[in-house]
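K.L.:
The structure follows.
Just so you know, all these numbers are worked out from the coordinates, no wet-lab data involved. Every value quoted in this text rests on a predicted model; they were computed, and no experiment measured them. Methodologically, a virtual Cβ is constructed for each residue, glycine included, from the backbone with ideal geometry; neighbour enumeration extends over all protein chains shown.
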Amino acid sequence: MTDEPMELCLQLMMADDSVEVVEILNRMGYWQDRSAWRHLGDTQNNWSTIGAQQSDPVAALAEKLVNSIDACLLGECQKREIDPRDPHLAPASPEEAIRTFFPGSDGITGKRGQIFVTVTKGDGRSSISVVDLGEGQKPCMFSETFMSLATGNKQSIPFVQG
């Protein structure tokens, strides 16, 4: 990653609200640059997908934590060069994945420190961030991972939940 994308990523990761995100994108020259943006899932009329996301804050936080656990399990597959869709090599359940990838520990939350949750207090509202040291995402894969809410990209992986 060159310095500019890394700097943008770090700044966005530290942003506590949408106002701060817009300020960062403006400062970096992306907010008004229409060529920098695509529709979610490359679908112009996608409100049904976006609107179906968790509107309850507790459920949304739980979903973020589940996604972080999934990312950590998938990251362990990457380290071992295991295709997570391979029925002969990949774990068959989340429990088997934790036993396989984190033997002798209480799982991902053990001493390894792979998932971090931070809370910052704002003006009457808190901001909760969930960061993991899971599989990571290459910029070239962004459209097939984060931006692919309706593609079922995890459906054929038996040990992930989200």
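K.L.:
How do 72, 140, 9 rank when sorted from fewest to most other Cβ atoms within 10 Å of their own Cβ?
P.N.:
Values: 72 23, 140 7, 9 12.
Least crowded to most crowded, the residues run 140, 9, 72.
K.L.:
So if we plug the beta-carbon distance of residue 20 and residue 44 into 1/(1 + (r/R0)^6) with R0 = 25 Å, what FRET efficiency do we get, rounded to 0.05? Let's see the in-between values first.
P.N.:
Details: r = 27 Å, r/R0 = 1.10.
It comes to 0.35.
K.L.:
By the scheme Lys and Arg +1, Asp and Glu -1, what is the net charge of all other residues having a beta-carbon under 14 Å from that of residue 33?
P.N.:
Details: positive: 27, 34, 38; negative: 4.
Local net charge: +2.
K.L.:
Per residue of the stretch 124-133, in order, report the coupling 6.51 cos²θ - 1.76 cosθ + 1.60 (Karplus, θ = phi - 60°) as ³J(HN,Hα) in whole Hz, putting x for Gly and Pro.
P.N.:
x, 9, 9, 10, 10, 10, 10, 10, 10, 9
K.L.:
Net charge near residue 129: determine it from the other residues with C-beta under 13 Å of the C-beta of residue 129, scoring Lys and Arg +1 and Asp and Glu -1.
P.N.:
Result for the local shell: -2.
K.L.:
Run the helix sum for the chain: -39,500 (n - 2.57) per DSSP H stretch of 4+ residues, divided by residue count, reported at 222 nm to the nearest 500 deg cm²/dmol. Mind dumping the intermediate values first?
P.N.:
On the way: 5 runs with 59 residues, N = 162.
Here the helix-only value at 222 nm equals -11500 deg cm²/dmol.
K.L.:
For the stretch 56-162, with only Lys/Arg (+1) and Asp/Glu (-1) charged at the beta-carbon, what is the dipole magnitude about the Cα centre, in debye rounded to 20? Could you put the intermediate results ahead of the total?
P.N.:
On the way: 11 positive and 14 negative charges, 58 e Å.
Dipole about the Cα centre, nearest 20: 280 debye.
K.L.:
Something else about it: Multiply the residue gap between residue 155 and residue 116 by 0.36 nm, knock off their C-alpha separation, and tell me the result in nm, one decimal place. Show your work: numbers first, answer last.
P.N.:
On the way: separation 39, 0.36 × 39 = 14.04 nm, distance 2.56 nm.
So the extension gain works out to 11.5 nm.
K.L.:
How much length would be gained if the chain were fully extended between residue 30 and residue 4, taking 0.36 nm per residue of separation minus their Cα-Cα distance, in nm to one decimal?
P.N.:
Working: separation 26, 0.36 × 26 = 9.36 nm, distance 1.19 nm.
Length gained between residue 30 and residue 4: 8.2 nm.
K.L.:
Helix 57-80: angle to the longest alpha-carbon principal axis of the chain, degrees 0 to 90, nearest 10?
P.N.:
For 57-80 against the chain, the angle is about 60 degrees.
K.L.:
Please report the net charge: other residues with Cβ closer than 10 Å to the Cβ of residue 70, K and R +1, D and E -1. Please list the in-between numbers first.
P.N.:
Details: positive: 154; negative: 132, 135.
Once positives and negatives cancel, what remains is -1.
K.L.:
Next up: Once the Cα atoms of helix 18-27 and of the chain are each reduced to a long axis, what angle between those two axes, in degrees from 0 to 90 to the nearest 10, is obtained?
P.N.:
For helix 18-27, the angle is close to 70 degrees.
K.L.:
Could you check the spin-label model distance between residue 78 and residue 130? Points 7 Å from the Cα along Cα→Cβ, value in nm.
P.N.:
1.8 nm
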